[in-house]
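We did not get these values from a lab; they are worked out from the coordinates using the rules stated. All figures in this text were calculated on a predicted structure; none of them were measured in a lab. Don't worry about glycine lacking a Cβ; one is built from the backbone with ideal geometry, like all the others, and counts go over all protein chains shown.
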Amino acid sequence: MSVVQVAEPQGELPYIHGFSAEEQARLVRQARFSESMVYRDVDFAGVERLLEVGCGVGAQTEILLRRYPELNITGVDFSQRQLTVARQRLQGSPWRERAELLHMDAEDLDFAPASFDAAFLCWILEHVLSPERVLAEARRVLKPGARLYATEVMNASFFLSPYSPNLQQYWLAFNDHQLAVGGDPFVGAKLGNMLLRVGFRQVETQVKTWHLDSREPHRRQQVLDYWSELLLSAADQLIAAKRVDEALVAAMSRELRQLRGNPDLVFFYSFIQATAQV
Ligand SMILES: C[S@@+](CC[C@H](N)C(=O)[O-])C[C@H]1O[C@@H](n2cnc3c(N)ncnc32)[C@H](O)[C@@H]1O
């Protein structure tokens, strides 16, 4: 998430995180930070051709190539800026021969039916106009029996103790803004229904939770720092949209500093990972 909104020319949804270099670097940190939870249950045994929908700066692509040495990945993204960074990152990696990154709208994939053995989506459906259309398109280009994994946000689950009213107010504004521009910060909870509606079978969802307290102080601090960065990266955009003002951002920042020093801090956030078969 970043400061000023920079829309890409193709007319996709305004992207709440923006496309700054800072945000692009944050995506890489985010992917590595959440890697153990996101990939714990992802099984690509026997998969040769993987479609990664919304590959962004290639942060997940890099992890996928490293974790699954048999995979050949086709990554697609609507943003040329993200793709430029992704291609640069890939060029410098030992896995560059196993990936191609293409400029494409996930709602209108330019692939023949049954082109891929599996599909991977991560933190994309909250940003698209029609998540269901993206899932239907993914299904169309998957082979019969192929598996899809989608890992998506469920922002209503976020809670910090001690209760911090300014932070909560900011978070409501953040989510209201994302809804207003056509995204869906609660899309994770709806994945099961959507997958069924577009014809997937064997639909399974898992709620994955960061519930961190004094039992894991180091991890708790890491998660809070990561989250603080994510919250603040949208501040300028939310101010420009008049969803929040400078005073609220300052009050939230104060609360975040207090929380950081609080030995009783509790961090809670759940996201959803769905898997289904064609
Ligand atoms: C939060 S980023 C996540 C990127 C990557 N999956 C990751 O986890 O690092 C969301 C990405 O979805 C892309 N995106 C949004 N709408 C899209 C669309 N309709 N088609 C393709 N990509 C899209 C954005 O350009 C952005 O790169």
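May I ask for the Kirkwood hydrodynamic radius of region 14-144, worked out over all distinct Cα pairs and given in angstroms to one decimal?
Evaluated on region 14-144, it is 14.9 Å.
Binning the C-alpha pair distances of the chain at 10 Å intervals from 0 yields a P(r) profile of 7, 29, 36, 21, 7, 0 %, listed from the shortest bin outward. Using R0 = 30 Å, the C-beta based FRET efficiency linking GLU22 and ARG197 works out to 0.20.
For region 118-194, the list of chymotrypsin sites (Phe, Trp or Tyr not before Pro) that fall in a loop by DSSP and count at most 14 other C-beta atoms within 10 angstrom reads TYR163.
Taking a point 7 Å out from the Cα of ASP236 in the direction of its Cβ, the residues of region 18-57 whose backbone N falls within less than 19 Å of it are 18-28. Scanning residues 5 or more positions from GLU216 or on other chains, none has an amide H under 5 Å from its amide H, with H placed 1.01 Å from N in the peptide plane. Contact order for region 28-103, expressed relative to its length and based on alpha carbon pairs under 8 Å spaced 6+ residues apart, stands at 31 percent. Overall, region 55-138 carries a charge dipole of about 500 debye about its Cα centre when +1 sits on the Cβ of Lys and Arg and -1 on the Cβ of Asp and Glu, all other atoms neutral. With Cα atoms as the point set, the radius of gyration and Dmax of region 147-194 evaluate to 12.9, 42 Å. Between ALA247, GLN221, LEU196, the Cα set farthest toward the positive side of the dipole of region 160-254 (charges on each charged residue's Cβ, about the Cα centre) is that of LEU196. By how many degrees, 0 to 90 and rounded to 10, does the Cα axis of helix 217-233 deviate from the longest principal axis of the chain? Computed tilt is about 90 degrees.
Of the trypsin sites (Lys or Arg not before Pro) in region 140-232, the ones in a loop by DSSP (not H, G, I, E or B) with at most 13 other beta carbons within 10 Å are ARG215.
Computed FRET efficiency, Cβ-Cβ of ARG133 and ASP225, R0 30 Å: what is it to the nearest 0.05? Walk me through the intermediate numbers first.
Values: r = 36 Å, r/R0 = 1.19.
Computed FRET efficiency for ARG133 and ASP225 comes out at 0.25.
The string of couplings for region 138-144 from the Karplus curve (6.51, -1.76, 1.60, θ = phi - 60°) is 4, 4, 4, 8, 8, 6, x Hz, one whole number per residue in order, with x for Gly and Pro.
Taking neighbour counts of Cβ atoms within 10 Å as a proxy for exposure, in what order, fewest first, do VAL42, VAL85 appear? Write out the running numbers ahead of the final one.
Numbers: VAL42 18, VAL85 21.
Going from sparsest to densest Cβ surroundings: VAL42, VAL85.
With only Lys, Arg, Asp and Glu charged, each at its Cβ (+1 for the first two, -1 for the last two), find how big the charge dipole of region 77-222 is about the Cα centre; round to the nearest 20 debye. Mind showing how you got there, number by number?
Values: 17 positive and 17 negative charges, 91 e Å.
With only Lys, Arg, Asp and Glu charged at Cβ, the dipole is about 440 debye.
Counting only Cβ charges, +1 for Lys and Arg and -1 for Asp and Glu, the dipole size of the chain around its Cα centre is about 540 debye. The stretch between THR209 and TYR163 holds 14.7 nm of extra length on full extension. This uses 0.36 nm per residue minus the Cα-Cα distance.
Seen from all sides and averaged, what is the projected area of the convex hull of the Cα atoms in region 107-209, in nm²? Intermediate results must be reported in sequence, preceding the final value.
Numbers: hull surface 28.3 nm².
Its Cα hull, projected and averaged over all orientations, spans 7.1 nm².
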